[in-house]
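Student: This is the structure I have questions about; it appears just below.
The values are calculated or read from the model by the stated rules, or taken from the named source; none is laboratory data. Computed from a predicted structure; not experimentally measured. Quick reminder, even Gly has a Cβ in these numbers, built from the backbone with ideal geometry, and neighbours come from all protein chains shown. These area figures cover heavy atoms from the full protein model, side chains too; ligands, DNA and RNA do not enter into them. Shrake-Rupley method; radii C 1.70, N 1.55, O 1.52, S 1.80 Å.
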Amino acid sequence: MLQISPSLYLSVPVSDPVLDVRCLQNNSTEISCEVKNGTDPSVFLTVSGQLMVYNVTSSERTVRVTVPTVSPPDSWNIRCSAKNSISERSTNQTHDACPEDSRSGMWSGWGHLLSHGVMCVLNTALLIYIVTGLRKMKNEKNQSKRKTRRRDQTEMEMEPTYYN
């Protein structure tokens with residue numbers, strides 16, 4: 001008679017893996033694979049592009065990999081498989097790389113240009129303030145010298161002259 005191990009009665013086969021592909025703000029791609037059901041699953045995620053290959057294995061129910069942006073944009077072949085002692089399932093998907101957000105590129109360029117423009121304006125204003133202050137100090141010094149000269153001339157004119 002065939003005997004079945006008690007552990008097989010308690011084992012649950014793995015469910016179909018669920019792939020999730022998300023574009024992140026920095027234009028990189030987060031790829032995850034999740035297995036909802038199954039006793040002691042092992043999850044394998046392979047992401048291959050034109051220039052790079054990522055292989056990730058986990059004994060957790062979810063496995064993730066973050067793929068950086070590549071130039072020119074590449075498409076990714078994604079394969080996720082899950083297996084345990086009684087079953088194995090897999091899924092495949094091709095996904096385009098996350099598109100570069102042309103608006104963020106444009107705004108980052110404008111932001112860079114604007115920050116340089118603002119710094120230029122601030123430096124010019126500071127230079128004008130310094131030059132104006134120096135001119136003012138020079139004018140005050142010259143006025144002080146003129147007053148001293150006038151006073152000296154006035155005193156000289158007022159001194160009596162004596163003739164023999």
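Student: Just to verify a result, which residue in segment 85-99, among those that are under 32 Å from the mean Cα position of the chain (by Cα) and not in a strand (DSSP E or B), is surrounded by the fewest Cβ atoms within 10 Å (Cβ to Cβ)?
Tutor: PRO99
Student: Further, regarding this structure: Just to be sure I understand the filter: pairs with C-beta atoms under 7 Å, separated by 6 or more residues or on different chains, first member in segment 21-35 and over 18 Å from SER75 (Cβ atoms), second member not in a strand (DSSP E or B). Which pairs pass?
Tutor: Between residues of segment 21-35 that are over 18 Å from SER75 (Cβ atoms) and residues that are not in a strand (DSSP E or B), the close pairs are GLU34/PRO17; GLU34/ARG61; VAL35/VAL14; VAL35/SER15; VAL35/PRO17; VAL35/PRO41; VAL35/ARG61.
Student: If only one of SER115, SER81, SER90, SER85 is modelled with pLDDT under 85 and among the hydroxyl-bearing types (Ser, Thr, Tyr), which one is it?
Tutor: SER115
Student: Continuing with this model, one more query. If only one of THR57, THR29 is in contact with a strand residue (DSSP E or B) (Cβ under 6 Å, 6 or more places away or on another chain) and open to solvent by 40 Å² or more (accessible area, probe 1.4 Å), which one is it?
Tutor: Just a single option satisfies the conditions, and that option is THR57.
Student: Please specify each residue of segment 39-52 satisfying the condition of being at pLDDT below 85 and hydrophobic (A, V, I, L, M, F, W, C).
Tutor: Result: LEU51, MET52.
Student: What number of residues within segment 27-58 satisfy the criterion of being over 28 Å from the mean Cα position of the chain (by Cα) and not in a strand (DSSP E or B)?
Tutor: Looking only at that region, the number is 7.
Student: Also, I was wondering about something else. In segment 64-84, which residue that is in contact with a Pro (Cβ under 9 Å, 6 or more places away or on another chain) and either part of a strand (DSSP E or B) or of a type in the set (A, V, I, L, M, F, W, C) (or both) is most open to solvent (accessible area, probe 1.4 Å)?
Tutor: This residue is LYS83.
Student: Give segment 13-26 a look and list any residue that's over 14 Å from HIS95 (Cα atoms) and at pLDDT below 90, or say none.
Tutor: Once the filter is applied, which keeps residues that are over 14 Å from HIS95 (Cα atoms) and at pLDDT below 90, segment 13-26 yields LEU24, GLN25, ASN26.
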